[in-house]
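The values are calculated or read from the model by the stated rules, or taken from the named source; none is laboratory data. Just so you know, these numbers come straight off a predicted model, no measurement behind them. As a convention, Cβ positions derive from the backbone with ideal geometry for all residues, glycine included, and neighbour counts pool all protein chains shown. The accessibility values were calculated without ligands, DNA or RNA, using every heavy atom of the protein model including side chains. Shrake-Rupley method; radii C 1.70, N 1.55, O 1.52, S 1.80 Å.
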Amino acid sequence: MKTRVTRKRSYHRRALGAAALLVAGIAVPAGAAAPDSGPAPSHTATGGTARNVILLIGDGMGDSEITLARNYTVGAAGRLHMDRLPMTGAYTTYAVDKNGRPDYVTDSAASATGWATGHKTVNGRLSKTPDTDRPLPTILELAQRNGLATGSVTTAELTDATPAAIAAHATDRSCQGPADMKRCPGDTQGRGGPGSIAEQSVAHGVDVLLGGGKRRFDQTITEGPDRGMTVTQQARRRGYRVVTDAGELRAARPGRPVLGLFAPDGVPVEWTGRPAAGGGTGPQRCVTSNPGRPAGTPSLEAQTRKALELLEGKRAAGRDRTGKGFFLQVEGANIDTQDHLADPCGQIGETAAFDRAVKVAREYAAKHPDTLVVTTADHGHSSQIVPLDAEPAGLSATLVTDEGGRMKVSYGTQSGGGGQKHTGTEVRIAAQGPQAHRVLGVTDQTQLFTTLRTALALR
Ligand SMILES: [Zn+2]
């Protein structure tokens, strides 16, 4: 106990030191140069080591997605939980082509590869090199090798790009289950590869895996030693407790790894409303409950809270007395899917749900100050707030916000009926805790890998 108090005090002292440096106008950390080679003062400023990392990724959550959710839920002058993180910067997200030239608009696979491995890759690829298609070590693998507990929570399928990038290596993101291997011939077990993303996630022995994608895990493995079993059966054989609704999740206790599969595909969204349309919609209020969302579906907030309880409990249960902490990744995935669909209410509801997960992370960090909390996005997206008298060429919708204002939202990255597209803008990255200063300024998302590795002192 005494040790913890000391750590906490020294952390606060260092944090104050950083603030003083900032006020004095001294460049603290990580600009364009690799943070590893940064000046010594940046390390002593808010340096120190984190026992735990909670990394929250809003998929497609650019600045305008954040502003839409803020305006609608807490008002233009209000602040979301993610707005309250003390250190805020921006990072670039571009992917590369096979020859290493920039591909200015990334997808979630190349983006997640960037922060998960510190290396850029081609769109669609997961934690493998852009040219030679070789596996790159991930932050989750490094955390495991250093004895930390690990967790991954998402509202997407657990085999979707963001969770897949930390617990799998795949030539193409579509290779999610054993029956989906068409685009990854070299990754199949028959060719000596590690198998599908679902199989790899289970084989990695991640302590907590919570999300959607049950359909992928229920596919039958056709090659290798577990041939004839489903991935879910494989997980049980490896000691996983498999849970499929909020009640079963609540009953899970530390001591066994947990695989939560809460939907056949992605987890259904929280809010609904009329999507944007050519020529706009009439003013509307969002419906803050989705009749298509089964009653027993746990919220991202509940999943995050439980993941923290299980990861914290792993140490307390005595299996790990080394004092090692954990690495937890939490993804709000459907901000992106609703942006693709030009559905502002769906999108805002998912951003608000993500923000409640940020609140849970910050509550945990308030009790455990040796926790680095980072919130960011993987790429920008389509939605823009435009003047009420604008007549956008694309789709638009008008919302009546909680504070009674009218807000017009335009989606214009794809014409016709096709889904909206990602954008190549830089996005926000914000943090608190040990090494949080490394997010300040303009960085690239590959530097987040170094920030996480440095904070956790991973070798
Ligand atoms: Zn997307």
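Values as computed for the structure displayed
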{"read-out": "1.4 Å probe accessible area per residue over the chain, in Å²", "value": "39"}
{"read-out": "The range 377-439, Cα convex hull volume normalised per residue, Å³", "value": "131"}
{"read-out": "DSSP H segments from the chain that extend 20 Å or more along their own axis, Cα-based, with Kyte-Doolittle mean of -1.0 or above", "value": "2-23, 300-316, 344-367"}
{"read-out": "Kirkwood-based shape ratio for the range 215-335, expressed as Rg/Rh from alpha carbons", "value": "1.09"}
{"read-out": "Within the chain, helix-based [θ] at 222 nm, where runs of 4 or more DSSP H residues each add -39,500 (n - 2.57), nearest 500", "value": "-9500 deg cm²/dmol"}
{"read-out": "Dipole magnitude of the chain, debye to nearest 20 (Cβ charges: Lys/Arg +1, Asp/Glu -1, about Cα centre)", "value": "2120"}
{"read-out": "Convex hull volume per residue for the range 198-255, taking Cα atoms only, in Å³", "value": "79"}
{"read-out": "Reciprocal mean inverse distance between Cα atoms of the range 51-194 - Kirkwood radius, Å", "value": "16.7"}
{"read-out": "The range 155-260: C-alpha pair distances exceeding 18 Å, %", "value": "42"}
{"read-out": "Share of pairwise Cα separations in the range 348-459, more than 18 Å, in percent", "value": "65"}
{"read-out": "Isolated Cys residues of the chain, judged by Cβ distance under 4.7 Å to other cysteines", "value": "none"}
{"read-out": "Summed side-chain charge close to residue 70 - residues other than residue 70 whose Cβ falls under 13 Å, Lys, Arg +1, Asp, Glu -1", "value": "-3"}
{"read-out": "In the range 217-277, trypsin sites (Lys or Arg not before Pro) in a DSSP loop with at most 13 other beta-carbon atoms within 10 Å", "value": "227, 238"}
{"read-out": "Charge dipole of the chain about the Cα centre (unit charges at C-beta), most positive-ward option of 47, 109, 155", "value": "47"}
{"read-out": "Cross-link reach list, lysines versus residue 314, counting only Cα pairs under 30 Å and skipping chain neighbours closer than eight places", "value": "2, 8, 214, 306, 324, 359, 367"}
{"read-out": "Kirkwood Rh, angstrom, the chain [1 / mean 1/r, Cα pairs]", "value": "22.3"}
